[in-house]
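Below: one structure, written as structure tokens.
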Amino acid sequence: LRFSRFRRALRLLRLARLAKHGIRLVSVVNRVQSEDWLVILRIIWLFVLLVFINHWISCGWYAIGCIDASLEQWSSKAFDPEVHGFAYRYTTSFHWAVTQFTPASMEVVPRNALERAFNVGVIFFGLVMFSSFVSSMTNSMTYLTNQNYDKRQQREILMSYMNSRCLTWQLRIDITTYVGKIRKHRQHVNEVDIPVLKTLPENLRERLRVEVHSHVLDKHGLFSSLHIGDPVSVNKICHHAMAERALMPGEELFRCGAYCSRMYFMISGSGNYIIGFGGQASLLEATRQWLCEACMWIKWEHRGRFVGASSCDLSELDATEFQTIMSKSRCFLQVQHYAQLYAHYAERDSDRVTDVWGQRLRVSVIAQRSFKPKETDEGTTSRILILWS
């Protein structure tokens, strides 16, 4: 009894191990960026599944052939115990199983009623499986062909356009290199790319946007404090003022001198920020990083240029919508005080203020002082404060 329980425990451990391998396989597939490779992996998976099914059918066929020595059996006609070993017996059984899924044939046939009944059942099962396999294989190959055809057609149109405009060779190389980089990276899927989400009722869309954007805002000291003081306003910000944005490698998010109306939160990826029109570039990682907060509190023009160094996911916060929502918030005075302090520090460090100014520690200190003001904060209203005066 104890031994049987031990065997059951071992089987459960094996099943758990298979589940872990399945999770790892899914994670590997999710990291594949190329659509072509996804189709190829799908085809390989179909073949593996077919081999797995044929393995079990061949095992059942061989077991039926050895179940009753008193009856005439297919195994006694196909094998000589003194000549044929395990490898030949297995491959013969596997060969028979494969022929039930395809129009092929072989010399092994059923010799009694049980074997013939099993054979008929496998034929019906193979009819369904083979049809599904051929259909899936055809769809995958058709999809792969169409994908390659679209890529060739787009490349021909691009080359035709560049030839007709007599572009320089260097510009042609830069354009084709960038297009090639985009194709190697899977396009990020955002809410606006999914038409069915537009049909959701307003309450479901609000819940969706709150779950997507609230944890992004909480990385910022002001919004984490605001989430505690007025969660309703934070939900309105997520629903009405936030949007998703994807940035490809080499794609420009903003450039120096342009008017800024949005604050950006980096979720994943990295980018290069170049101060001015050609200054030194600094690499920004996604961890707890945000850009252009100044536009929320003062009239702001970009003081640099931001370009994606890798595929980036961002959330953008519209300054006008944010100000409209906060004007009706019960934490309006605290947010106004934060704006005054931010503008005061920005004016004091005016020579060093850029689109990435005011990160982490500084913002946390300003947020703490805004929600727990001190007497020394009186008179900090800045001369450059415009939006929150």
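The values are calculated or read from the model by the stated rules, or taken from the named source; none is laboratory data. These figures come from a predicted structure and were not determined experimentally. Glycine also receives a Cβ, built like all others from the backbone with ideal geometry; neighbour counts cover every protein chain displayed. Ligands, DNA and RNA are stripped out before the accessible areas are found, and what is left, the full protein with its side chains, is counted by its heavy atoms. Shrake-Rupley method; radii C 1.70, N 1.55, O 1.52, S 1.80 Å.
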Please specify each residue of the range 315-345 satisfying the condition of being open to solvent by less than 10 Å² (accessible area, probe 1.4 Å) and either in a helix (DSSP H, G or I) or among the charged types (D, E, K, R) (or both). ALA319, PHE322, MET326, VAL335, TYR338, ALA339, LEU341, TYR342, ALA343
I need every pair where a residue in the range 254-275 that is among the charged types (D, E, K, R) has its Cβ under 6 Å from the Cβ of a residue that is surrounded by 22 or more Cβ atoms within 10 Å (Cβ to Cβ), sequence separation at least 6 or different chains. ARG255/ARG305
I'd like the full set of residues that are free of Cβ contacts under 8 Å to residues at least 24 places away in the same chain, outside any loop (DSSP other than H, G, I, E, B) and of a type in the set (Ser, Thr, Tyr), limited to the range 86-106. TYR88, THR91, THR92, THR99
Criterion: touching a Pro at 6+ places or on another chain (Cβ under 7 Å) and not charged (D, E, K, R) - qualifying residue of SER310, SER225: SER310
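Every residue in the range 111-156 that is among the small types (Gly, Ala, Ser) and in contact (Cβ under 8 Å) with a residue 12 or more places away in the chain, please.
Answer for the range 111-156, where residues must be among the small types (Gly, Ala, Ser) and in contact (Cβ under 8 Å) with a residue 12 or more places away in the chain: GLY126, SER136, SER140.
Look through LEU253, LEU284 and report the one residue that is assigned to a strand (DSSP E or B), at pLDDT below 90, among the aliphatic types (A, V, I, L, M) and surrounded by 20 or more Cβ atoms within 10 Å (Cβ to Cβ). Before you say what the answer is, go through the steps one by one.
Working: LEU253 fails: at pLDDT below 90.
None of the other options fit; the residue is LEU284.
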Restricting attention to the range 300-312, which residues are at pLDDT below 90 and either assigned to a helix (DSSP H, G or I) or not aliphatic (A, V, I, L, M) (or both)? GLY308, SER310, SER311, CYS312
Which numbered condition HIS240 fails, given (1) outside any strand (DSSP E or B); (2) crowded, with 22+ Cβ neighbours inside 10 Å: (2)
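Select from the range 71-85 the residues that are in a loop (DSSP other than H, G, I, E, B) and either under 13 Å from LEU114 (Cα atoms) or open to solvent by 100 Å² or more (accessible area, probe 1.4 Å) (or both) and list them in ascending order.
Here is the first cut: in the range 71-85, the ones in a loop (DSSP other than H, G, I, E, B) are 71-73, 79-85.
Answer for the range 71-85, where residues must be in a loop (DSSP other than H, G, I, E, B) and either under 13 Å from LEU114 (Cα atoms) or open to solvent by 100 Å² or more (accessible area, probe 1.4 Å) (or both): LEU71, GLU72, GLN73, PRO81, GLU82, VAL83.
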Consider only pairs whose beta carbons are under 7 Å apart and that are at least six residues apart or on different chains; among these, list those whose first residue lies in the range 39-53 and is in a helix (DSSP H, G or I) and whose second residue is among the polar types (S, T, N, Q). VAL39/SER140; ARG42/SER140; ILE43/SER140; LEU46/SER136
Of the conditions (1) surrounded by fewer than 20 Cβ atoms within 10 Å (Cβ to Cβ); (2) farther than 16 Å from ASP355 by Cβ, the single one that TYR259 does not satisfy is (2)
Could you grab me the full set of residues in the range 54-90 that are farther than 20 Å from GLY121 by Cα and either in contact with an Asp or Glu (Cβ under 8 Å, 6 or more places away or on another chain) or among the aromatic types (Phe, Trp, Tyr) (or both)? ALA78, PHE79, PHE86, TYR88, TYR90
